[in-house]
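For reference, the structure discussed in these notes is given below.
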Amino acid sequence: MQDLFTQALGINSPWFIKDVSFDNKQLNIHIDFKKGTKFTDSSADTKAYTAYDTKAKTYRHMNFFEHECHLHVRVPRIKRDDG
């Protein structure tokens, strides 16, 4: 099932779907990233940084098959060299 939603949502590496659950007519898709992935701060420079922490966020997505869809994402937090 993860492959179906990976394609439907257009998720690419290093991101992946960790879990999919369905309860009370609500589809919950949990999205994570591979350990050790480096991320860039697109607003500043192109240097890549390792995440020092994450923050759990939930986003409401368009319905899938007439069911509410919520994306639960572990969002990486980085610290740039300038603080």
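Worth a mention:
- Residue in region 37-49 that is nearest to Pro14 (Cα to Cα), counting only those that are of a type in the set (Ser, Thr, Tyr) and over 16 Å from the mean Cα position of the chain (by Cα): Tyr49
- Matching entry among Asp45, Asp41, Asp19, Asp53 (being surrounded by 12 or more Cβ atoms within 10 Å (Cβ to Cβ) and at pLDDT 90 or above): Asp19
- Selection count, region 70-83, where residues are in a strand (DSSP E or B) and charged (D, E, K, R): 2
- Every residue from region 56-80 that is at pLDDT below 90, more than 20 Å from Asp23 (Cβ to Cβ) and loosely packed, with under 12 Cβ neighbours inside 10 Å: Arg80
The values are calculated or read from the model by the stated rules, or taken from the named source; none is laboratory data. Every value quoted in this text rests on a predicted model; they were computed, and no experiment measured them. Reconstructed Cβ throughout: ideal geometry from the backbone, glycine too, with neighbour counts over all protein chains shown.
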